[in-house]
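Trainee: Dumping the structure here so I can ask a few things about it.
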């Protein structure tokens with residue numbers, strides 16, 4: 001069975017800011033808007049770095065992410081990828097194109 005390695009967060013402030021933005025984007029009342037913005041940019045939901053670069057998680061998110069050490073970047077990317085899998089199935093079906101693998 002897969003067990004996630006536990007790495008300590010090194011840049012707590014930057015990590016928390018990005019983490020809060022991810023949670024806000026997937027809040028019940030906002031997830032559909034966030035997924036629609038991803039679709040509007042012709043991205044897939046798993047293209048985390050491209051989503052950051054387009055400013056979909058905030059205009060300064062790319063700089064926040066790049067300022068994180070590599071281990072924190074991996075943790076925030078993993079958090080994002082885990083969060084997209086928790087989106088309700090109805091919403092995932094509605095945005096099937098951006099959830100589909102290539």
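Trainee: Looking at segment 49-59, which of its residues are farther than 18 Å from residue 99 by Cβ and within 9 Å of the chain's Cα centre (by Cα)? Step through it out loud before you land on a result.
Mentor: If we filter segment 49-59 for residues that are farther than 18 Å from residue 99 by Cβ, which is where we start, we get 52-53, 55, 58-59.
The one that is farther than 18 Å from residue 99 by Cβ and within 9 Å of the chain's Cα centre (by Cα): 52.
Trainee: Next question, about the same structure. Quick check on residue 9: is it in contact (Cβ under 8 Å) with a residue 60 or more places away in the chain and in a loop (DSSP other than H, G, I, E, B)? Steps first, answer last, please.
Mentor: On the way: in contact (Cβ under 8 Å) with a residue 60 or more places away in the chain: yes; in a loop (DSSP other than H, G, I, E, B): yes.
Yes; evaluated as a whole, the condition is true for this residue.
Trainee: If you go through segment 83-95 one residue at a time, do you hit one that is out of contact with any helix residue (DSSP H, G or I) (no Cβ under 9 Å at 6 or more places or on another chain), assigned to a helix (DSSP H, G or I) and surrounded by 12 or more Cβ atoms within 10 Å (Cβ to Cβ)?
Mentor: No: segment 83-95 contains no residue that is out of contact with any helix residue (DSSP H, G or I) (no Cβ under 9 Å at 6 or more places or on another chain), assigned to a helix (DSSP H, G or I) and surrounded by 12 or more Cβ atoms within 10 Å (Cβ to Cβ).
Trainee: Quick test for you: out of 69, 62, 88, pick the one residue that is without any contact (Cβ under 8 Å) to a residue 60 or more places away in the chain and over 16 Å from the mean Cα position of the chain (by Cα).
Mentor: 69
One line per residue, one yes/no per condition, for (1) crowded, with 19+ Cβ neighbours inside 10 Å; (2) part of a helix (DSSP H, G or I); (3) modelled with pLDDT under 95:
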| residue | (1), (2), (3) |
| --- | --- |
| 5 | no, no, yes |
| 13 | no, yes, no |
| 20 | no, yes, no |
| 32 | no, yes, no |
| 37 | no, yes, no |
| 51 | yes, yes, no |
| 62 | no, yes, no |
| 76 | yes, yes, no |
| 80 | yes, yes, no |
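Trainee: Just for segment 39-48: of the residues that are in a helix (DSSP H, G or I) and touching a residue at least 12 places away in the same chain (Cβ under 8 Å), which one is nearest to the chain's Cα centre (by Cα)? Spell out how you get there, then give the answer.
Mentor: Of the residues in segment 39-48, the ones in a helix (DSSP H, G or I) are 39-40, 48.
With the extra rule that they be touching a residue at least 12 places away in the same chain (Cβ under 8 Å), the set shrinks to 39, 48.
On the way: 39: 14, 48: 6 Å.
Within segment 39-48, the match that is nearest to the chain's Cα centre (by Cα) is 48.
The values are calculated or read from the model by the stated rules, or taken from the named source; none is laboratory data. Quick caveat, the model's predicted, so the values are computed rather than measured. Every residue, glycine among them, receives a Cβ derived from its backbone with ideal geometry; neighbour counts consider all protein chains shown.
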